[in-house]
Each structure stands twice: as structure tokens, then as C-alpha cells.
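A.B. asks: Please find one structure pasted underneath; my questions will follow.
The values are calculated or read from the model by the stated rules, or taken from the named source; none is laboratory data. As the structure is a prediction and not an experimental result, all values here were calculated from the model. Cβ: placed from backbone, ideal geometry, glycine included. Neighbour counts: every protein chain shown.
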Amino acid sequence: MIQASRSALPCPVASTRVLLQAVLRADRAAYQAFFEIWFLRVYRYVDARVEGRAEAERLTERSMRKILDQLPGCAGEPLFAAWVLSIVRRELAGAQA
């Protein structure tokens, strides 16, 4: 079952940059916060576009792995949400091809 902390609220741009920098420094608490904030957002986006919970979970996990893998290259990205969604859209397109 997909779960996220109810305290995971959208964060302003400055807070996002600080969080990303901490994640890149391998700060476990920052990683947990990042995951709680973004996993549910990505899941909801994917779930609205695919059929079946299992497929939504699978594509969300793949997308989150790609986001985390590519995170070092975007730490200064001012439009982080757009960057995240571009990765998710590519995953969705690849799954539907």
C-alpha cells in the first residue's frame, strides 16, 4: 500500500533546494523527507494515467529510482517539479510504447 506522512507538505523553492542539497550529502532524514514529499505526488500523477494499482506502483517506483539517480544533475533546478514530471512522463511513454 502506498503511504506518505500526512506532515509532508509542499515546500517552497528555497526549502526544496536545501532539501535536495541535503539528500545529495546522503542525509538520511533529508532522503526520508524527500521520499515522503515526492513519492505520493508521483504516484498520484501516474495513477491518474494508467490502469491498475500494480502498474501505477511499478511505474512510480521506476520513476522514483530514475529521479534519485539523476538528482545530482539537477540540484540547482529552479523548476524542480517540472523536472520531476518530465522524468515521470518519459517513464509513462516508455511503458505505453
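A.B. asks: Every residue in region 25-46 that is free of Cβ contacts under 8 Å to residues at least 24 places away in the same chain and either closer than 17 Å to Val88 by Cβ or in a helix (DSSP H, G or I) (or both), please. Let's see the steps before the verdict.
C.D. replies: Initial filter on region 25-46 (free of Cβ contacts under 8 Å to residues at least 24 places away in the same chain): 25-32, 34, 44.
Listed by number, the residues that qualify are Arg28, Ala29, Ala30, Tyr31, Gln32, Phe34, Arg44.
A.B. asks: Still on this structure, please answer the following. I'd like to verify a number: residues in region 47-62 that are over 11 Å from the mean Cα position of the chain (by Cα), assigned to a helix (DSSP H, G or I) and either surrounded by 15 or more Cβ atoms within 10 Å (Cβ to Cβ) or among the small types (Gly, Ala, Ser) (or both), how many? First the steps, then the outcome.
C.D. replies: At the first step, the residues of region 47-62 found to be over 11 Å from the mean Cα position of the chain (by Cα) are 47-59.
Applying the additional criterion that residues be assigned to a helix (DSSP H, G or I) yields 47, 53-59.
If we keep only those that are either surrounded by 15 or more Cβ atoms within 10 Å (Cβ to Cβ) or among the small types (Gly, Ala, Ser) (or both) too, we end up with 47, 54, 56-59.
The total comes to 6.
A.B. asks: Checking the condition surrounded by fewer than 14 Cβ atoms within 10 Å (Cβ to Cβ), closer than 28 Å to Asp27 by Cα and within 14 Å of the chain's Cα centre (by Cα), which residue from Leu68, Leu79, Leu85 passes?
C.D. replies: On the way: Leu68 fails: surrounded by fewer than 14 Cβ atoms within 10 Å (Cβ to Cβ); Leu85 fails: surrounded by fewer than 14 Cβ atoms within 10 Å (Cβ to Cβ).
Result of the check over Leu68, Leu79, Leu85: Leu79.
A.B. asks: OK, next. For region 59-93, which positions are at pLDDT below 90, more than 16 Å from Ile37 (Cβ to Cβ) and in contact with a Lys or Arg (Cβ under 9 Å, 6 or more places away or on another chain)?
C.D. replies: Gly76, Pro78
A.B. asks: I would also like to ask the following. When Trp83 is evaluated against the numbered criteria (1) in contact with a Cys (Cβ under 6 Å, 6 or more places away or on another chain); (2) not in a helix (DSSP H, G or I), which criterion, by number, is the only one it fails?
C.D. replies: Tallying (1) in contact with a Cys (Cβ under 6 Å, 6 or more places away or on another chain); (2) not in a helix (DSSP H, G or I), Trp83 fails exactly one: (2).
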